[in-house]
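Working notes for the structure below.
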Amino acid sequence: MKRIALSTLSLALLGAAGAAHAQSSVTLYGLIDESIQYVHNANRANDNLWQMYAGNIQGDRFGLKGTEDLGGGLKAIFQLENGFDVNSGKLGQGSRLFGRQAYVGLTHDAYGTLTLGRQYDPLVDMVQPLTADNYFGSTFTTPGDVDNNDNSSRTNNAVKYVSPVFSGFQFEGLYALGGVAGATGSGQTWSGAATYGFGPFSVAAGYIRMDNGSTLASRGITPATPAGVWGSGATSDGTLDSQINGGYSSAKSISITSAAGQYVTGPFTFNIRYSFAQYKPDGFSAFHEQEKFHVAGAFAGYQVTPAMLVGLGYTYTHGAGDTSANYHQVSLGGDYSLSKRTDIYLLGAYQHASGTQRVNATTTQEAGASIGSYGNNAGDKSQEIVSLGIRHKF
């Protein structure tokens, strides 16, 4: 009898474990995007460059994500996502193990989703999908990614809420705690965005403010050396991707307002966008007048066949305030799906720059071109880039 009772209990426990497992799921996923790339005027000496380059349309990654059904429509969720360079095997995002995303939270169909950890901000979630970057990536994005259109920045220590969809409308809010004793707001980030879809039209808009972690300045203490490498104590990574905005790494804050609209009809996709990015100094910054970037972009895509997409994009960027510069960028792209998981692509762009750029606290220079968020800093006013690549998802 005792042996039979123990066997019955064991079977019951195994059944309960099986039922719990059936209500949970964990998914391993990833993506590899690799290309052969040519850059004309790739550096300050205007040398040309042939290279292997990973992550044109999407950054290389692998990750784990999962859910657990807690009952009553409530689920626990998590996601851990690593970024890497397929050419070297090195970690991306500042050599973080899970630098792309790392969060845990709760979700409910009726009440929305609350997540905590390292995350994308609301503009990336809601505005970026209605821009050319969503289709062809870095080659079609803002020069220097001054407005984070290419997801250069992610946010640590973030609490994010995403609402359910109400008749096509959805909103999102984020706040990241600086975590500095005695200086609560030091390095904080806060952001909000909303999107609305109606028929073939979609619109979205949002705002983000990222504070640098200049805790000495917040306490009125003069540092022995200039404060100023972005990200020291900041919750957000910053968007300093090239010579276009690299001279503003000592900014006290970066704030970005962005809006986009998209129209889809048959095989055609059209979208337009505008953003306003402000790099604001304080008394400890290496520059003294606010630099402002106005960005306007347009995109047209045509689904030639179910397997083939072609696109044309134009981006105009105007820097004003501390310096004055203009950047005109034209981008072309074609993507062909070999299967549901594998595609090949050909991307190209041309950029022309004029005006002046800030190099450091004491130096400005004639504006040099720097396409998208690649960080190739030309010594000339023009630059061209071509990438032939393959992308595989798993």
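The values are calculated or read from the model by the stated rules, or taken from the named source; none is laboratory data. Just so we're clear, the structure is a prediction, and the values are computed from it rather than from any experiment. Cβ coordinates were reconstructed from backbone atoms using ideal geometry, including for glycine residues, and neighbour counts include every protein chain displayed.
Computed values, structure above
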| item | result |
| --- | --- |
| All positions within region 166-199 that are closer than 21 Å to residue 238 by Cβ and assigned to a loop (DSSP other than H, G, I, E, B) | 177, 178, 179, 180, 183, 184, 185, 186, 187, 188 |
| Members of region 47-66 that are without any contact (Cβ under 8 Å) to a residue 24 or more places away in the chain and either farther than 28 Å from residue 136 by Cβ or in a strand (DSSP E or B) (or both) | 50, 51 |
| Region 246-265 - residue that is modelled with pLDDT under 95 and crowded, with 24+ Cβ neighbours inside 10 Å and, of those, farthest from residue 326 (Cα to Cα) | 251 |
| Top-ranked residue in region 29-46 [being among the aliphatic types (A, V, I, L, M) and assigned to a loop (DSSP other than H, G, I, E, B); ranked as nearest to residue 341 (Cα to Cα)] | 42 |
| Residue list for region 309-318, restricted to those being touching a Gly at 6+ places or on another chain (Cβ under 7 Å) and either of a type in the set (Gly, Ala, Ser) or farther than 14 Å from residue 132 by Cα (or both) | 311, 313 |
| Unique match (being more than 30 Å from residue 342 (Cα to Cα), without any contact (Cβ under 8 Å) to a residue 60 or more places away in the chain and among the polar types (S, T, N, Q)) among 303, 278 | 278 |
| Pick from region 327-352, criterion more than 12 Å from residue 391 (Cβ to Cβ), out of contact with any Gly (no Cβ under 6 Å at 6 or more places or on another chain) and aliphatic (A, V, I, L, M), ranking: surrounded by the most Cβ atoms within 10 Å (Cβ to Cβ) | 349 |
| Residue 324 at pLDDT below 95 and small (Gly, Ala, Ser) | no |
| Restricting region 357-379 to residues that are more than 18 Å from residue 46 (Cβ to Cβ) and among the hydroxyl-bearing types (Ser, Thr, Tyr), the residue that is modelled with the lowest pLDDT | 362 |
| Unique residue being more than 21 Å from residue 195 (Cβ to Cβ) and either assigned to a strand (DSSP E or B) or aromatic (Phe, Trp, Tyr) (or both) when the list is 254, 272, 244 | 254 |
| Condition met for residue 144 (free of Cβ contacts under 8 Å to residues at least 12 places away in the same chain and either of a type outside the set (Asp, Glu) or within 30 Å of residue 357 (Cβ to Cβ) (or both)) | no |
| Hits in region 110-141 (condition: farther than 23 Å from residue 74 by Cα and among the aliphatic types (A, V, I, L, M)) | 123, 124, 126, 127, 130, 132 |
| Filter pass, residue 273 being over 25 Å from residue 203 (Cβ atoms) and of a type in the set (Lys, Arg) | no |
| Condition met for residue 391 (surrounded by 17 or more Cβ atoms within 10 Å (Cβ to Cβ), at negative phi and charged (D, E, K, R)) | yes |
| One residue from 114, 97, 64 being loosely packed, with under 14 Cβ neighbours inside 10 Å and of a type in the set (A, V, I, L, M, F, W, C) | 97 |
| Yes/no for residue 333 being under 22 Å from the mean Cα position of the chain (by Cα), at pLDDT 95 or above, more than 24 Å from residue 252 (Cβ to Cβ) and of a type in the set (Gly, Ala, Ser) | yes |
| Filtered residue count, region 26-54, keeping only those that are under 24 Å from residue 393 (Cβ atoms) and either modelled with pLDDT under 95 or of a type in the set (A, V, I, L, M, F, W, C) (or both) | 7 |
| Residue selected from region 235-260 under the condition of a type in the set (Gly, Ala, Ser) and touching a Ser or Thr at 6+ places or on another chain (Cβ under 7 Å), by the criterion nearest to residue 143 (Cα to Cα) | 242 |
| Residue within region 12-24 that is in a strand (DSSP E or B), out of contact with any Leu (no Cβ under 6 Å at 6 or more places or on another chain) and at pLDDT below 95 present | yes |
| Given (1) outside any loop (DSSP other than H, G, I, E, B); (2) touching a strand residue (DSSP E or B) at 6+ places or on another chain (Cβ under 6 Å), index of the condition residue 147 fails | (1) |
